[in-house]
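Step one of this worksheet: look at the structure below.
The values are calculated or read from the model by the stated rules, or taken from the named source; none is laboratory data. Note that the coordinates shown come from a computational prediction; the quantities given were computed from them, not determined experimentally. Glycine also receives a Cβ, built like all others from the backbone with ideal geometry; neighbour counts cover every protein chain displayed. When the accessible area is computed, the model is the full protein with side chains, heavy atoms only, and any ligands, DNA or RNA have been set aside. Shrake-Rupley method; radii C 1.70, N 1.55, O 1.52, S 1.80 Å.
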Amino acid sequence: MSDYSLILGDLDLSPKSQGSGDYEFSVYAFQRSRPEPRINIVSSLLADGAIETKTGYENRTITFLIGISAPNSDALARGEQEVFREIQKGENTLCWTPNDGVGATTVFDVQWGDIEFSEPDDWDLNEMRGDRFYTVTLRCTAFGHSALLQTFNAAAVVNPARTVISDGSSASGWVFNTSNTALATSTDSGRTALKATGAGWRSGTPNRAETGMSTPSVGPVASVSIDYRRRSLNDKVSFYVVTPTGDRLRTPALTQVSTEGFTRYHFNTADITTSFRLRLYVEHTDSGTPPIVYYVDEFATQAAVPALAARTSLRSVDVEGSVRTPGTLTISHASTALGDVLALSCPDLARGFIPDLRRFRTNGGSISSDSGAVSGSSEPLSGGTSFLARVPYAMYEPGLYTVVARIKTTGAGTATVAAKDGSLAPASSTATCILPNTSSVYQWVTVGRIHLPPRNYGPTNTAQFDIGLTGSTSATVDDVWVIPVKDSALTLTSTALTNRRLTLASPSLDYSGGASWIGDATDGSDAFAAMRSLSSDQRRWFYPAQTLIYVAASGPTTPVDISGSYMASYHTNAVK
C-alpha cells in the first residue's frame, strides 16, 4: 500500500509526498464505507413483511486515522494546524488512487469534516516518539466519481435520402399467394397504391382470416421503409425479413410516421448481410364479413433509419459509470432563436419510444399546414372532434405518463386526454386540465397524468391502442407529447426564447436546486438565469449505459444541436 495516493483538497497525504518538510503524515485504517440506501415502506395489504422500495442513497461517511510525525512538539502542532485548516474548508474533494498505478483516481465530494485528537492511555509514549494521531471523519456525497470530465456532442442528424423501389403503380417484384390474396393498383386517400384483398374466413372460433405478401428483393442495405394503411377493422400487421435461404426474422418497426393517411414503418436491417424481402403478415379476427383490405405504397431503401421531424431531435447518449450522475445539457442552434422548447431526458427505454404523437395520428379535425407549429401542421380541437393517435403497445413500459400538448386558444375551456384499447369501454385512463386563453399564441399545456398502456400485453405484442385529446373551447393543437414520469426530467419554456442557447444543470453541491441559463455565446459569457422563462424544469440526471434526450423547439426549422458534460459516477472505485 506504500504507493497509493490520497489527497484531501490541497493536503497531500500520499506516502510518496512525505519527507520534504519538518513533519510527515501517515494514514491508517482508511474506511470508505458505503452510500446509505434510502428506503421507502409502501403501504400494502400484506399480512407479514412489507413492500420496500429504494428511492435513492444518502451520504457516505469516510474515516481514517492520520498520524503526524515530527522531531519536536512545535512541528507536531504545525502539522495539526495544516490538517485542521484543510478540514475547515467545508466543501472539498478527497482523491484516492490505488497503489498499483493501474486503477483510475476516484473523487469523493466532501461536504464537511472533523478531526478528533486520539489520546489512548499511552499517548505520552507517542509524544516521546514524536507522533500524534487524529481520527478524521469526512461526510461525502453518496458516490465516487471520475476525475475526468466526460463531454458529448450529439450534433443534428440529416435525414438520409430514400430510394423508392416500388411506388405502388405496379405489383412487379411482389410475391404473394394468389389463393388467399389479390394484389392490384388502386387509389386510396388520393394516392396510387397497391390494394391487397384477403380471402374469406378460415374455419374456427372466432372467425379468422389471414393474408400476406413480400416486397421486391433488396439489399444488403442499412434500412428499409414501407407505407401501410389498413381498411378493415381489427386487423393486426406483423413484419418479417425473409432471406434467400428462407429464414424468417421478425423485425420491429423502429419509427412509425403518419403520412397522407398511411403509416410509414422504418426498419433497421444493417445486420442482414444478404439480399432479403420484407414480408407483411396481416391477420383479421372479427365476427363481421371478410375480406381483409389494406394498402401498401412506397417500399424504399435508405442509408439509415431517419431522424424525426425538422423541429425535433432524438438522441441516445452513451453514459459511462455504474449509477446516475449529475451533469449539464445544452440545447443550441447556430443561427436561430430556440422559441418554445420542450426538453426530455430519461433512461433509454430501448423500445423505439418516441414522445410526440402526430406521426401516429389517425383521426381528428381538418389538418392545416402551420409554419408556427413544431410538427408543421395543426388542427382544431373543438366541436367534439378528437385528436386521435393509434400507438403500439410495445412502445410503452407500464407506468405513469405526463401528457403535454402545444395549444393556442381564443378563450378559456378544458382539455381531456384519454387512453383506450379499441375493445375496452370506457377509456382506461383519463386526465383533464383547464385551458387558459392564450390569445392565439401557442403555449405548452400539461394536460395531466395517465397510466399506460391500457392493457398489460407485454413488450412483444404488436397490437395498438388509442390516445385521444379533446377540447371544450376554440383551440388549435400543434402536437401532443407523452412523457414517462419515472426517472425522467422534463423542461418546458413558459415563453418563447429569443436566444440560441439553453443550458440546464443538474442539482449538485454548487446548485442544490439545479440551474438553467439562456444566452448566445458558445463560451457562456453572455448567459443569464433562465428560471423565469421556464414553466417546468425537473431534476436532470444522466443514466448509464445510455440516456435518451429528446428536444422539440419551435424556432429553428432545422434540428438543434445537443451537447453536454458529466463526470461518471461509481459505487466506490472509478474506471479508467
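Between amide H atoms placed 1.01 Å from N, distances below 5 Å from Ser377 occur with Asp370, all of them 5 or more places distant or on a separate chain. Backbone amide hydrogens, once placed in the peptide plane, bring Leu534 within less than 5 Å of Ser494, excluding anything fewer than 5 places away on its chain. Amide H to amide H, with H built 1.01 Å from N, Leu435 comes under 5 Å of Gly413, Thr414, Ala415, counting only residues 5 or more places away or on other chains. Looking at region 50-155, the trypsin sites (Lys or Arg not before Pro) that sit in a DSSP loop and have at most 15 other Cβ atoms within 10 Å of their own Cβ are Lys89.
Distance between Cα centroids, region 99-113 to region 41-93: provide it in whole Å. Cα centroid to Cα centroid, the span is 14 Å. Its DSSP H runs of at least 4 residues, each contributing -39,500 (n - 2.57), put the calculated 222 nm mean residue ellipticity of the chain at -1000 deg cm²/dmol, to the nearest 500.
With θ taken as phi - 60° and the Karplus curve 6.51 cos²θ - 1.76 cosθ + 1.60 applied, the whole-hertz 3J(HN,Hα) list for region 519-528 is x, 10, 6, 5, 8, x, 5, 10, 6, 9 Hz, x standing for glycine and proline.
Rolling a 1.4 Å probe over the protein heavy atoms leaves Thr245 with an accessible area of roughly 110 Å². Taking a ≥ b ≥ c as the square roots of the eigenvalues of the Cα gyration tensor, region 419-576 is classed as oblate, since a/c reaches at least 1.5 and a/b does not exceed b/c. Note on Met531: accessible area is roughly 110 Å² with a 1.4 Å probe, heavy atoms of protein only.
Order Trp123, Trp112, most accessible first, counting only protein heavy atoms with a 1.4 angstrom probe. Let's see the in-between values first.
Numbers: Trp123 110, Trp112 130 Å².
Listed by decreasing accessible area, they come as Trp112, Trp123.
Label positions at Asp114 and Glu82, each projected 7 Å from the Cα along the C-beta direction, are separated by 2.5 nm. At an R0 of 56 angstrom, the distance between the Cβ atoms of Thr430 and Asp12 translates into a FRET efficiency of 0.35. Spin-label pair Thr557-Asp526: with each label point 7 Å from Cα along the Cα-Cβ axis, the two points sit 2.4 nm from one another. The relative contact order of region 489-576, computed from alpha carbon pairs under 8 Å that lie at least 6 residues apart in sequence, is 27 percent. Taking other residues whose beta carbon is less than 10 angstrom from the beta carbon of Cys346, and scoring Lys, Arg as +1 and Asp, Glu as -1, yields 0. Each Lys or Arg adds one and each Asp or Glu subtracts one; over the other residues with Cβ under 10 Å from the Cβ of Leu8, this totals -2.
Using heavy atoms of the protein chains and a probe of 1.4 Å, the accessible area assigned to Glu80 is about 70 Å². Is the shape of region 112-169 rounded, prolate or oblate, going by the alpha carbon gyration tensor and its root eigenvalues a ≥ b ≥ c, with a/c under 1.5 for rounded and a/b larger than b/c for prolate? Note, shape of region 112-169 comes out prolate. With an a/c value of 1.5 or above and a/b not larger than b/c for the gyration tensor axes a ≥ b ≥ c computed over the alpha-carbon atoms, region 88-135 is described as oblate. For region 505-576, the set of chymotrypsin sites (Phe, Trp or Tyr not before Pro) satisfying both a DSSP loop assignment and a count of at most 14 other C-beta atoms within 10 Å is given as Tyr511.
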